Amino acid sequence: MTAIGTDIDARAFRDTLGHYASGITIITGTDEEGPIGFTCQSFYSVSMDPPLVSFSVMTTSTTYPRIRDTGRFAVNVLSHHQDSVSNQFARKGTDKWAGIRWQPTRAGNPVIDDTLMWLDCEIWAEHEAGDHQIVIGRVNEISPPEWHRHEPLLFFKGRYRHLRDADELAS
């Protein structure tokens, strides 16, 4: 067991955090070169008034600086059947948008078709946090209720997972 205040092995830390199930998002934007985006697992709500959300991105990201320069982004929360979309946007050096259907928000940010839900934001603040940047966005537009028809794609212990109702577990 690792005591508090001692050095923590990076792999052990990552494996431990893997026991926390999370949704998967694609953070998107658009600039003069076209649509941009990356897979992001660390997303959460921050405030209801004003409406704020946050995500974390590695400081070595080559995609996020392009989004930062525009001052705005969209959060696309992936549906249970979009694991291939998650994988596609997680790869470096490929055309992340190949075969991806999307439509722009009022601000022009890409909303990927068939996602669970989406939020369109402007950058509110950024904070350095070790090897990541914490980005806080003010929400300016949200997906309409009729958009919310799927279950979420989850990530747990290094694998994609799906929700199961508690009564299904009992049988």
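The values are calculated or read from the model by the stated rules, or taken from the named source; none is laboratory data. Note that the structure is a prediction, hence the values are computed from the model and not measured. For neighbour counting, all protein chains shown are included, and Cβ atoms are generated from backbone atoms with ideal geometry for every residue, glycine included. To get the accessible areas, we keep the full protein, side chains included, count just its heavy atoms, and leave off ligands, DNA and RNA. Shrake-Rupley method; radii C 1.70, N 1.55, O 1.52, S 1.80 Å.
What single numbered condition from (1) open to solvent by 30 Å² or more (accessible area, probe 1.4 Å); (2) of a type in the set (A, V, I, L, M); (3) more than 15 Å from the chain's Cα centre (by Cα) fails to hold for residue 125?
For residue 125, the failing item is (1).
Find the residue count for the stretch 36-51, including only residues that are closer than 24 Å to residue 17 by Cα, buried (at least 17 other Cβ atoms within 10 Å of the Cβ) and over 11 Å from the mean Cα position of the chain (by Cα).
Count: 0.
Can you give me the number of residues within the stretch 93-113 that are in contact (Cβ under 8 Å) with a residue 12 or more places away in the chain and surrounded by fewer than 17 Cβ atoms within 10 Å (Cβ to Cβ)? First the steps, then the outcome.
Restricting attention to the stretch 93-113, the residues satisfying the condition of being in contact (Cβ under 8 Å) with a residue 12 or more places away in the chain are 96-97, 100-102, 104-113.
Now restrict to residues that are surrounded by fewer than 17 Cβ atoms within 10 Å (Cβ to Cβ): 101, 104, 106, 108, 113.
Final tally of qualifying residues: 5.
Within the bounds of the stretch 154-169, is there any residue that is open to solvent by less than 40 Å² (accessible area, probe 1.4 Å), in contact (Cβ under 8 Å) with a residue 12 or more places away in the chain, of a type outside the set (Val, Ile, Thr) and under 21 Å from residue 58 (Cβ atoms)?
Here is the first cut: in the stretch 154-169, the residues open to solvent by less than 40 Å² (accessible area, probe 1.4 Å) are 154.
Right, trim to in contact (Cβ under 8 Å) with a residue 12 or more places away in the chain and you get 154.
Filter once more, so that each one left must be of a type outside the set (Val, Ile, Thr): 154.
Restricting the remaining residues to those that are under 21 Å from residue 58 (Cβ atoms) gives none.
Checked the stretch 154-169: no residue is open to solvent by less than 40 Å² (accessible area, probe 1.4 Å), in contact (Cβ under 8 Å) with a residue 12 or more places away in the chain, of a type outside the set (Val, Ile, Thr) and under 21 Å from residue 58 (Cβ atoms).
When the stretch 68-80 is examined, which residues are found to be in a loop (DSSP other than H, G, I, E, B) and either of a type in the set (Val, Ile, Thr) or closer than 23 Å to residue 100 by Cα (or both)?
First pass over the stretch 68-80, keeping only residues in a loop (DSSP other than H, G, I, E, B): 71, 78, 80.
The answer is 78, 80.
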